[in-house]
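Derivation of every value follows stated rules applied to the coordinates shown; laboratory data play no part. The structure displayed is predicted, hence computed values, not measured ones. Please note: Cβ atoms are built from the backbone with ideal geometry, for glycine as well, and neighbour counts cover all protein chains shown.
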Amino acid sequence: MRDFAGKVAVVTGAGGGLGRALAEALAARGMSLVLADLRPGPLAETAALLAERGAEVLAQPTDVSRREPVEALAAAAYRRFGAVHLLCNNAGVSLGGGLETMTEGDWRWALGVNLWGVIHGLAAFLPRMIAGGPGGHVVNSGSMAGLIASAGLGVYTATKYAVVGLSETLARDLRPYGIGVSVLCPMGVQTGIVATSAALRPADSERRTPPEGQPELVGRWLPPAQVARLVVRGIEEERLYIVTHREGLALIERRFARLQEAFLLLPEPEAAP
């Protein structure tokens, strides 16, 4: 997808952080925006910011962990604009702590937003996008935690590994329809997701580990606007994987070296009789 002007993008988690930066970057390329976030106040701020810059904006508070609100978002988007060309399943939450400390509420909350939020977005928008013909694109927000495992991030990692695998399969499934797929796998981004997630964490998802027990991420912390520019470039170049930190390559190489070693330890296959 190389032409953005005059087209329509959906961005979930648009109330701040990367979602807001991505909406700004797409609006600057001439796109109309359908914005969603669980928090009405920050969502309205993003919508007002883009409207002041001349963008056509539809903002609708949406809980992506539930199918019905996302279906309502899709219906509203098509009523207003008649088409959606770019779907950014960006909404997400973060939580840390050892797997032995995680409650069922922790799992349900993180899976509901990080994985089911993506699934609901695809279910609501993809049939309509396919009916609209080739040329669209889907961006799912994964994480470097969806490519490598880190202690203290087990629940979050499980959700993001699922998003990466889903996106890899989706790219194959949508190829016949001419719709591209990217999965964003950033390391540290200055989004405030930890503080926002703590504020939104439901009552049945109680933190059992003290703040000092949370994992420290390695590498630089990039501003959201810089990551948003990388996403736009990845869409233009139809990249499946959009990464943000070159220092993450060493982590990936170590993981795949261990996988390769496991295969090389197998005996050679016997020749057919």
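Each principal axis of the Cα atoms in region 41-155 has its own extent, and those three values, largest first, are 47, 32, 26 angstrom. Expressed as a fraction of 2.2 N^0.38 Å, the C-alpha radius of gyration for the chain is 1.04.
Of the residues ARG128, ARG233, the one with the fewest other Cβ atoms within 10 Å heads the list, and the complete ranking is ARG233, ARG128. Of LEU99, LEU26, LEU166, the residue with the greatest mean-square motion in the GNM of the chain, using alpha carbon springs below 10 Å, is LEU99. In region 117-190, the C-alpha radius of gyration followed by the widest Cα-Cα span (Dmax) gives 13.6, 43 angstrom. Under a no-solvent Debye model with one identical scatterer per Cα of region 113-160, what's log10 I(q)/I(0) at q = 0.28 Å⁻¹? Debye curve over Cα of region 113-160, log10 I(q)/I(0) at q = 0.28 Å⁻¹: -1.00. Multiplying the residue separation of LEU264 and THR103 by 0.36 nm and removing their Cα-Cα distance gives an extension gain of 54.1 nm. Go ahead and set up a Gaussian network model of the chain, Cα springs under 10 Å, then flag whichever of ALA195, ALA25, ALA14 fluctuates most. Highest fluctuation of the listed residues: ALA195.
Using a 10 Å cut-off around each Cβ, can you sort ASP63, ASP173, ASP106 from fewest to most neighbouring Cβ atoms?
Placing the least packed residue first, the sequence is ASP173, ASP63, ASP106.
Per-residue Cβ neighbour counts within 10 Å put ARG66, ARG53 in the sequence ARG53, ARG66, beginning with the fewest. In the chain, the calculated helix contribution to ellipticity at 222 nm averages -14500 deg cm²/dmol per residue, counting -39,500 (n - 2.57) for every DSSP H run with n ≥ 4.
Other residues with beta-carbon under 11 Å from the beta-carbon of ALA171 carry, at +1 per Lys or Arg and -1 per Asp or Glu, a net charge of 0. Here the chain carries DSSP beta bridges of which approximately 0% are antiparallel, counting only pairs with both residues inside.
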